[in-house]
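Contents: one structure, followed by commentary.
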Amino acid sequence: MAGDSHTHHAVRHLAGAPGAHRLTAVRSATAGARNIKLSILMPAYNEQATIGSAIAAVLDTEYPCDVELIVVDDGSSDATGSILQRVDDPRAVIVTHAQNRGKGAALQTAARHATGTHLVPFDADFEYDPADLVAMLRPVIQRRCDVVYGTRLLGANTRYQSYRHALGNRALTIAANVLFDVCLSDLHTCLKLVPTHLFRELDLAERGFGLDTEITAKLLRCGIKPFEVPVSYHSRSFAAGKKITWRDGVECLQILARVRSGRTRIADSLTEAPEMWPVGPEPQAVRRSMAAPAAVHERPAAAALAHVG
């Protein structure tokens, strides 16, 4: 990878891994469905407390299609980088920013490495459940839609740490609905499943938390209305490391207004894709074989020990 980023694939033979026979059964059930590969994008900045568990949960989930996990260490100064060095799974790609560039920049880096037909962000703070990605994939595989949002406000198990955060999200969602004449339930859900080629054609520019808003605003301005699926959510507090503030809410309003007024770039044509969405090139990565990792005591599930040591 060019610049100051470093990338590696962790490689290990997993033919006899626990759950392999169940995964085969799941894929057999969808054998006649659309051919999909999901790229899960995980930006991480100083997430040593949760990133090991988040990666393990993502990789231990049984999906109805092929998946890859692309983790971007966005210049972390804690133990995040050393934890990522112990990731040992052929589906995982680790990318390192030498300096912190912002969540939006980390997501864009991850998207450049995506080889899937579709991609979805997944936060390293483990506020979401990767099992919900399975439900989000279902309408895509069934050819019902291509852009799916996991909404936290449709009756699934949800807990906000702050009423102000919940109210702010609802107020900004209403603003987006009024500006673009749509009926979204959750503007700021992390789980936005989008075709990879469409994500790249949106010509995104935000480098911080504003990218989350910019994605939705540009999709809506192009007339693309997401299909919403209920997901669970377990919000963390500022004491636990939550980084978003009221200033991000103000920035969100500015981005919504700017995109709605047309003072931003959007690709000239967002055409309907063919049967198999085009994918990006294989990342130019340094491949290395890693020894079986040692156990990590904070990991909640024994099966997860196969992935992170």
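Fewest first, what order do 225, 103, 192 take by the number of other Cβ atoms within 10 Å?
Ranked by crowding around the Cβ, least crowded first: 225, 192, 103.
Amide H neighbours of residue 225 under 5 Å, at least 5 residues apart or on other chains, H built in the peptide plane: list them.
Hits under the 5 Å cutoff: none.
For residue 189, what is the net charge nearby, where nearby means another residue's Cβ is under 13 Å from its Cβ and Lys, Arg count +1, Asp, Glu -1? Write down the numbers at each step before the final one.
Working: positive: 152, 170, 192; negative: 123, 127, 129, 132, 186, 212, 228.
Overall, the nearby charge balance is -4.
Within the stretch 177-219, list the GluC sites (Glu not before Pro) lying in a DSSP loop whose Cβ has at most 11 other Cβ atoms in a 10 Å radius.
On the way: sites: 201, 206, 214; in loops: 206.
Taking the stretch 177-219 and a limit of 11 other Cβ atoms within 10 Å, no loop GluC sites (Glu not before Pro) are found.
Residue-wise, which Karplus ³J(HN,Hα) couplings in Hz belong to the stretch 87-93, taking 6.51 cos²θ - 1.76 cosθ + 1.60, θ = phi - 60°, and x for glycine or proline?
Residue by residue, the stretch 87-93 yields 5, 9, 7, x, 8, 9, 10 Hz.
Could you tell me the calculated FRET efficiency between residue 205 and residue 253, based on Cβ-Cβ distance and R0 = 25 angstrom, to the nearest 0.05?
With a Förster radius of 25 Å, E is 0.90.
Through the Karplus equation 6.51 cos²θ - 1.76 cosθ + 1.60, θ set to phi - 60°, convert the phi angles of the stretch 73-85 into ³J(HN,Hα) values in whole Hz; use x for Gly and Pro.
Those phi angles translate into 7, 8, x, 4, 10, 9, 8, 3, x, 5, 5, 5, 5 Hz.
Work out the FRET efficiency for residue 131 and residue 225 from their Cβ-Cβ distance, taking R0 = 22 Å, and round it to the nearest 0.05.
On the way: r = 25 Å, r/R0 = 1.14.
The calculated FRET efficiency here is 0.30.
Convert each backbone phi in the stretch 55-62 into a coupling constant with the Karplus relation 6.51 cos²θ - 1.76 cosθ + 1.60 (shift: θ = phi - 60°), then list the ³J(HN,Hα) values in order as whole Hz, x for Gly and Pro.
5, 4, 5, 4, 6, 7, 6, 8
Sticking with the crude label model, points 7 Å out along Cα→Cβ, report the distance from residue 261 to residue 112 in nm, one decimal please.
That separation, rounded to one decimal, is 3.1 nm.
Could you list which residues have their amide H under 5 Å from that of residue 93, counting only those 5 or more apart in sequence or on another chain, with H placed in the peptide plane?
Residues meeting the criterion, in which the H sits 1.01 Å from N, are 69, 70, 71.
Readers should treat all values here as calculations from the given coordinates under stated rules, not as data from a laboratory. No experiment lies behind these values; they were computed from the predicted model shown. Counting neighbours? That spans all protein chains shown, and the Cβs are built from the backbone with ideal geometry, glycine included.
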